[in-house]
Amino acid sequence: MTGRVEEADRTATRLAELLADASTEAIGAAGGHAAGVYLRSGSPELLRLAVLAGLPGPLFRPWWRMHVDRRFPVADSYRLGLQVVLPNATETMRRYPQFAAGLPFQFGSLYVPVAGSSATFGVLTVLRSSVSDATEILSCRDRVVRLAADLGTALTDLEDGDPAAVAWDREPLCVRPPAPLGFEGRTGRFAWDPATDEVTADERFHALLGLPADEFPATGEVLAHSLVSDDGHRVRAALREAAAGRPPALPLPVRTGEGALRLMEFWTSYAAPSPGAYRVSGLVRDPGPGRVGDAAADLLPDGVFSVDRLGMILYANARAAQLLGRPRRQLVGRSLWESVPWLDHPTYEDHLRAALLSPNPVHFHVRRPAAGDRAGRTHRESGLLALSVHSGPDLLTFTVRPADRVADAPLEHLPEAARPQPADASLDPDAVPAARSAPDTPGAGSGAPVAGTAAHLYRPIVLAIALTEAVTARQVSAVVMRELLPAFGGNRLAIYLLQERHLYLAWETGFPKGFLKPFEGVGLDAHIPGVETLTTGRPLFFDSMDQLAATYPGIALDAEVGSRAFLPLIASGRPVGSCILGFDRPRGFSSDERTVLTALAGLIAHAMEKAQRYDTEAALARGLQQALLPRRLSVHPDVETAGRYLPGTQGMEVGGDWYDVVAAGDGLALVIGDVQGHGVQAAATMGQLRSAVRAFALGDRPPDEVMSGTNHLLIDLDPGQFASCCYLRLDPATGLARVARAGHPLPLLRHPDGRTEVCDIPGGVVLGVDTAAQYPVGELRLEAGAVLALYTDGLVERPGVDIDEGVSALRLALSRAGAAGGRAGEPSLTSVADRLTATARHTADRPDDIALLLAMRRAGPRRRS
């Protein structure tokens, strides 16, 4: 058991190491400022951000999880196996409006799938400065493609037949890009061997920690003693964690015996020198500007502080410490949000994201909370501060100054809690502001992961955009589940739709199995919140399950602890249904949240109403299509036939493709056709042509006369459409088939021995174009056991691919499909038809409808009814 655990730990460490290395190398390869890897997770429909290099993870929490079916560049790259290049914000908005809505900043990005020999593991992505045209970064893309290919090979080796070994279900690992050249002079490196406790280091390491070089090689204990007591213990603990394969994700701020601040980073080598122990390497660096720079910055009237790309404060002058209300020792070496917690607000975070992703300076105003006096009491006064952020390749530099006048701080740029009050009179740099009360934001008090982030601003925007793309009621429900629940930290969702004054469940997730069954088909006179929110048109919010039970005595509860929101779905004054959101902890709903949820319920209602209309129209269209196609094909004892039809996935799902089998004298007539376009008009024209061809066939007219007569009919009808057609008259006794074509794809013939060929049959122009058109007749012979395939172009056409390639692929598929002779072990003709249409059947985007007709002469003596 211990051996398996150690092996799993080594695999997880190696996985993190590979992903981190690929991310940092991708930054250099693409000239970017951030990169990361999305990896598949334990849920097949979900990708997770595994590694993020060059950006602070908490600031980008809304993008930690990505559903594979979303219209986002990461999801498209993973699902379709495509490289996605977005050179600038304009192209991003054009192609991926949902993504651009959440990050509306000037940057470019690259997305390359990371694939192995048989599976796609994830996506390597790079964020970089924007350019005017994608061709300017094609060379960068090629380098990232090579990195992704190398990573895919390494992950295939690591997987070694166990898909769970290359999956990610944790928070992302945030890593720092390689140290910039300007820092090399103030960076020292070291290595520690846990087996011997020996530490080796370079000369810069000695100088930065103030240790004599003759003390090295030294031990971990000597290294710890060179630091202040508490920091020495932290370093020893970090070394032990790193040796166990769990190095700290962020640099560790420590102070030397002389009080100088240093940052230490740790990583592990893959090969463990002893069981369960990894050799640890690391570096120590001086984050400050040096004594001269520090003294010069202290003379400036404005506060100046610098933050690295992971959010750690590297420097702050005295004035910055004074204005931020923290002594410098509580700022430098710590996260910006840990040191200055009142900056942890969605409005401010959006500005910080803009500074991290775009090159332009960012200016905004913040309200500093009231500072506490020495007795612990807080003053009502608070100060408005004007912040400017200047972005560099490795650092963000902030300037901060008091906003002397209210006019300096536009109110629309401040959150409600940050609206100006009288200026703060005390600017004691060592004063510690009182702790901030829990924010009145989504998830406050509930422990929801989105609390205090911009998710509750970003997700509703994405929800609104995604709803415009959802077509069916099921798609609308899926979008709501995917976007609304994470936005507000919920874990339960139910959507009910109104039909004939009763509510029926359309979608549920998170509720105990069978809990909602008693509520199915409930009438509008029921005294339950899901009904009353719709009949009154008012949303209902319950901060706890006790409050819900007290309001509706005797109502069945799915949990003892939690909170619920019941939203009416009303579109243009018409009731559509109701939506139930569930949370696993008690929580309050602020007025802003209630307003946002009510507005979103209106969007959901309109989208659902549109989807219901679409579903109704699509059902009518499918009914029309089925009525126009033959319910059954004419049969003959010596011939077996099978037909398949697939509608296009665009529009009303009704098209102009058709097929038919008609008894013609003592033989059979096989016909397939394709009316231009799809929709109701195409279906109507198809119905008229099918009837005409059937009438000609019943009269046992020759193939050329059938084509000519149908051509004249279509011209007389003048529907403004043309049609292709292939008509074949088969003699079952001899297998002789006489064929006429009107602009239709050539038939395929699979011989009993498996050879499959494209039949070279002459043809004329499409129907409905030329009254004088001639349709020559060709001949072919259908042997016993051979299979003839007639098809429309929707089965062989693909965007950007020559149709001949599609025909070749179909010919190969027919050859591999089997003999279809009806003997034991041989597939039936219907199963062959299913195989040939399987790929198209499971394709979400089918621009054209598809028809397929197969015919086979049975082997053995001829049978007659």
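By the scheme Lys and Arg +1, Asp and Glu -1, what is the net charge of all other residues having a beta-carbon under 12 Å from that of residue 521? Can you show the working numbers first?
On the way: positive: 501, 517; negative: 500, 520.
Its environment carries a net charge of 0.
Size of the stretch 629-857 along its principal axes in angstrom, Cα-based, largest extent first?
Principal extents (largest minus smallest coordinate, Cα): 51, 42, 31 Å.
Averaging over all projection directions, find the projected area of the Cα convex hull of the stretch 1-150 and quote it in nm² with one decimal place.
With every direction weighted equally, the projected area is 9.4 nm².
For residue 169 paired with residue 43, estimate the spin-label separation in nm (one decimal), with each label point 7 Å from Cα along the Cα-to-Cβ line.
About 1.2 nm, to one decimal.
Any idea what Rg and Dmax come out to for the stretch 16-55 if you just take the C-alpha atoms, in Å?
Just the Cα atoms of the stretch 16-55 yield Rg and Dmax of 11.0, 33 Å.
What's the local net charge at residue 708, with K and R +1, D and E -1, over the other residues with C-beta under 11 Å away?
In short, -2.
Arrange the following residues from fewest to most other Cβ atoms within 10 Å of their Cβ: 812, 853, 18.
812, 18, 853
Can I get the semi-axes of the stretch 455-620's equivalent ellipsoid? Compute them from the C-alpha gyration tensor as square roots of 5 times the eigenvalues, in angstrom, largest first.
23, 19, 14
Between the stretch 108-133 and the stretch 477-498, what is the C-alpha centre distance in whole Å?
About 30 Å separates the Cα centre of the stretch 108-133 from the one of the stretch 477-498.
Expressed in nm to one decimal, what extension gain is obtained for the pair residue 770 and residue 617 from 0.36 nm per residue of sequence separation less their Cα-Cα distance?
Using 0.36 nm per residue and subtracting the Cα-Cα distance, I get 51.5 nm.
Treat the count of other C-beta atoms within 10 Å as a stand-in for reagent exposure and order 816, 309, 189, 141 from fewest to most.
816, 189, 141, 309
Here, each number is a calculation from the coordinates, and none is a lab measurement. Please read these numbers as outputs of a predicted model, since none were measured by experiment. Note that we place each Cβ from the backbone using ideal geometry, even for glycine, and neighbour counts take in every protein chain shown.
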